[in-house]
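Novice: This is the structure, below, for whatever I ask next.
The values are calculated or read from the model by the stated rules, or taken from the named source; none is laboratory data. These numbers were taken from a predicted model, which means no experiment stands behind them. So basically every Cβ, Gly included, is an ideal-geometry build from the backbone, and we count neighbours across all protein chains shown.
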C-alpha cells in the first residue's frame, strides 16, 4: 500500500519553514568561510528579529483579519523595557524580558479593548493612533533620551552570563527565540483557539452565534501578538545597543505589514520569508545603487500584480490560513 | 496667551485645515467610491510641488507654474491609474497597501534622482508676498490668506459639483453602493478614472500652493498622507462634508495644540514638567481626537455608506 499522497500545498507548508530554519541555523557556520563574517551574522540576526515581529503581526493579521498599523509600538515597548531598566542597573534578561512582556500585555489589553470596537479600515487607523501616542510618549521621555534615544552600555545578560555579547551567542539566542515563537504560533493556529480566530475572520456573526465570544478571542490574540512583538523589540534593542522612538514610528509599522503581505499572510512562514526577502533585497540593492528604492518599489508592485497571495503563492503554497 | 497670537494661530490652523481638505477630498472619494486604499496619494502632493518648481524655472511665472503643475499632476494621476491602480480595484485592501507603498518608494526615490535630495524652494508670487494688517498689531501673510481663500473656494465648488450636478449624484451614489450604480447602467470604470484624476489634481494643486511656505523635499507627502487619512476617518470615509469638517478640525486642533498645550499644562504642572509633557501631548492631540471620535462614532462623524 502506497502512502496517501500529500497535496503539494501541504507538503510545501512543511518543507518551506524547515528549509528556512535550517538555512538560518547554518548561517554562522557558513559565514565563517566568507569575508565579512560579523556583518553577515549581524544581518541575519536582524532578519530573524524582524521575522519574529512579522510572525506576531501575521498571527492577528493573517489569522484574525485584524490589520494593526501600530504594531511597531510593541517593538518599541520591548526595546524601551531594555533601555529604561538598564538605566536603573537592571540588565538581566530574566527580569527584563518578563517586564517587557508585562508592559506589552497591558498596553495591548488597554488599546485592544478600545480598538476592537471598530472594524476594517477604522481598526487600521485606530491602531495607528495608539502607535503614534506611544511614539510621542517615547519622544517626551527626556530622562531616557527623548527624541534622540539612548545608548545601552552593554547587551543584556542571561542569568548573569554575558551570553549575548558574543555575536554567535547572540545569533543563536535570536534563532532559539525564532524557533520557539514559530512553534508556539503554529500550536496556537492549530488549536481550537486558532480555529475560532479564523472562523471569526471569515464570519464573525456566525461565530458569535455558535456561542463564542469573538471579542474575547480577538483581544486574547492581540495581547499574545503584542507580547511576541515585544520579544522582537527586546532583541532589537540588544542588537543595536540602542533604543529610540524611531522603533515605534508608523513607517516601521508599515514595514512590518509589508513584510507579512510580501511573504504571504496567514501562513507564519510567509512572514519569515517576507522579512528575509525584504531585508536582504534592501541590503543587496543598496549595495548596488544608492537609489535602490527605485528598483525595490516596482518589485513590490510586480509581486502584488503577479504573485497573488505573496511570495509563498509563487511556490503554489499560497493558502490563506 | 495673547488674543493676537490666538488669532494668528487660528488662521494658521485654518490654513493647514484647508490644505488637508484639498488632499483628503481626493482620498476620501477614491476610498469611498472605489473602495481603494491609495497610499500613493501623498506622492501627488509632493509631485505638484516639485513640478511647480520646474515649471517656475521654465516660465518664471507662478500662475503658469500653478496651472501647468496641476495639469501635469492630473495627467500623472491618470497614467498611474491606467497602468497600475486599475488592476487593483478588485483586490484585497492589503494588496492595495503593498502596491501603493511600492509606488511611494519609487516616486520618492525618483524625485531624489530628478530634483536631487536637497530641499528646493518655490518663490512666492511678488504680488502676494507681503502681509496685511488684520487688526492693530496683527499682520498676516497674504499668501496664507490666499491658501485659505482658494481652499474654501474649491470646497464650495466641490460641494456644488457633488450635491447639485449629475456627475456628483453618481459619485455620491457610487460611494453608497458602487455595484448598484453599475447595475443601473453607469460606466463605473469611467467614473472611477474621472474621480481619481480629479483627486490627484487637487492634491497636486495643494502641493503647489504650499510650496512657497514649505521646503519642497522628497518624502514631504508621507506625513501629510497620514494626516489626510486621520481626516477622512474622522469625517467618515466617502463624505466630502466629513472631509471638510474633519480637515478643519484636525488643522485647528493640531496648530492650536502645538502653540498652547505647554502653556495650558503650566497651569497644573511645574514649568519643567509642562515643557516635557506639552509638546508630546500636542503632537498626540489629533490621534487622541481620532481615537475619541471612533470610540463614540465607529464609522466617523458623517458616514457615507448607508448600511
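Yes/no matrix, rows are residues, columns are (1) within 18 Å of the chain's Cα centre (by Cα); (2) free of Cβ contacts under 8 Å to residues at least 60 places away in the same chain; (3) closer than 19 Å to residue B:107 by Cα; (4) buried (at least 17 other Cβ atoms within 10 Å of the Cβ):
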{"position": "B:131", "(1), (2), (3), (4)": "no, yes, no, no"}
{"position": "B:153", "(1), (2), (3), (4)": "yes, yes, no, no"}
{"position": "B:167", "(1), (2), (3), (4)": "no, yes, no, no"}
{"position": "B:196", "(1), (2), (3), (4)": "yes, no, yes, yes"}
{"position": "B:202", "(1), (2), (3), (4)": "yes, no, yes, yes"}
{"position": "B:213", "(1), (2), (3), (4)": "yes, no, no, no"}
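Novice: Examine segment B:39-49 for a residue that is more than 30 Å from residue B:174 (Cα to Cα), surrounded by 24 or more Cβ atoms within 10 Å (Cβ to Cβ), at pLDDT 90 or above and touching a strand residue (DSSP E or B) at 6+ places or on another chain (Cβ under 7 Å), and state whether such a residue exists.
Specialist: Residues of segment B:39-49 more than 30 Å from residue B:174 (Cα to Cα): B:49.
Then drop every residue that is not surrounded by 24 or more Cβ atoms within 10 Å (Cβ to Cβ), which leaves B:49.
Subsequent filtering for residues that are at pLDDT 90 or above retains B:49.
Filter again for touching a strand residue (DSSP E or B) at 6+ places or on another chain (Cβ under 7 Å), leaving B:49.
Yes: one or more hits.
Novice: So, one more: Quickly run through segment B:71-129 and pick out the residues that are within 18 Å of residue B:37 (Cα to Cα), outside any helix (DSSP H, G or I) and either in contact (Cβ under 8 Å) with a residue 24 or more places away in the chain or away from chain A (no Cβ under 14 Å) (or both).
Specialist: Passing the criteria: only B:89.
Novice: Based on this model, can you work out whether residue B:221 counts as within 13 Å of the chain's Cα centre (by Cα), more than 12 Å from every other protein chain (Cβ to nearest Cβ) and under 30 Å from residue A:293 (Cβ atoms)?
Specialist: Numbers: within 13 Å of the chain's Cα centre (by Cα): yes; more than 12 Å from every other protein chain (Cβ to nearest Cβ): yes; under 30 Å from residue A:293 (Cβ atoms): yes.
Yes.
Novice: I'd like the residue in segment B:224-274 that is in a loop (DSSP other than H, G, I, E, B) and under 27 Å from residue B:100 (Cα atoms) and, out of all such residues, is nearest to the other protein chains (Cβ to nearest Cβ). Quick ask: steps written out before the conclusion?
Specialist: Pass one, segment B:224-274, residues in a loop (DSSP other than H, G, I, E, B): B:236-239, B:269-270.
Then keep just the ones that are under 27 Å from residue B:100 (Cα atoms); that gives B:236-239.
Details: B:236: 10, B:237: 7, B:238: 11, B:239: 14 Å.
This residue is B:237.
Novice: Same structure again: Do we have residue B:178 as more than 30 Å from residue B:118 (Cβ to Cβ) and in contact with a helix residue (DSSP H, G or I) (Cβ under 7 Å, 6 or more places away or on another chain) here?
Specialist: On the way: more than 30 Å from residue B:118 (Cβ to Cβ): yes; in contact with a helix residue (DSSP H, G or I) (Cβ under 7 Å, 6 or more places away or on another chain): yes.
Answer is yes for this residue.
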